[in-house]
Amino acid sequence: MTMLNTITNLLAKFQQDERGVTAVEYAIIAVVISGIILAAFNSGLGDAIRSAIENVTSNIEQVTPSGGNGGGTGSNG
């Protein structure tokens, strides 16, 4: 009977142990958030963000003069 009591006690302790529950919950939340982000960037939102970045880059390239010597006086004091 002692072995049966020992196994019963171990199973009861195992059932009450909640140390790993939080880690599992965080893992599930991370997977859900990753899925949402992936879905957003594979949809129209991702295309809109890419288009906006391309427009900003194009506008910066139009305003910034190409070539040149980089400015500055060139003196070392």
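The values are calculated or read from the model by the stated rules, or taken from the named source; none is laboratory data. Note that the coordinates shown come from a computational prediction; the quantities given were computed from them, not determined experimentally. Don't worry about glycine lacking a Cβ; one is built from the backbone with ideal geometry, like all the others, and counts go over all protein chains shown.
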Practice task
Kindly indicate whether any position in the range 54-63 is surrounded by 10 or more Cβ atoms within 10 Å (Cβ to Cβ), of a type in the set (D, E, K, R), modelled with pLDDT of 90 or more and out of contact with any Lys or Arg (no Cβ under 7 Å at 6 or more places or on another chain).
Solution key: yes
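Out of the helices (runs of 4 or more DSSP H) lying entirely within the range 1-69, which hold 1 or more residues that are in contact with a His (Cβ under 9 Å, 6 or more places away or on another chain) and either free of Cβ contacts under 8 Å to residues at least 12 places away in the same chain or not charged (D, E, K, R) (or both)? Write out each step before concluding.
Details: elements: 2-16, 21-41, 44-63.
So the answer is none; nothing clears 1.
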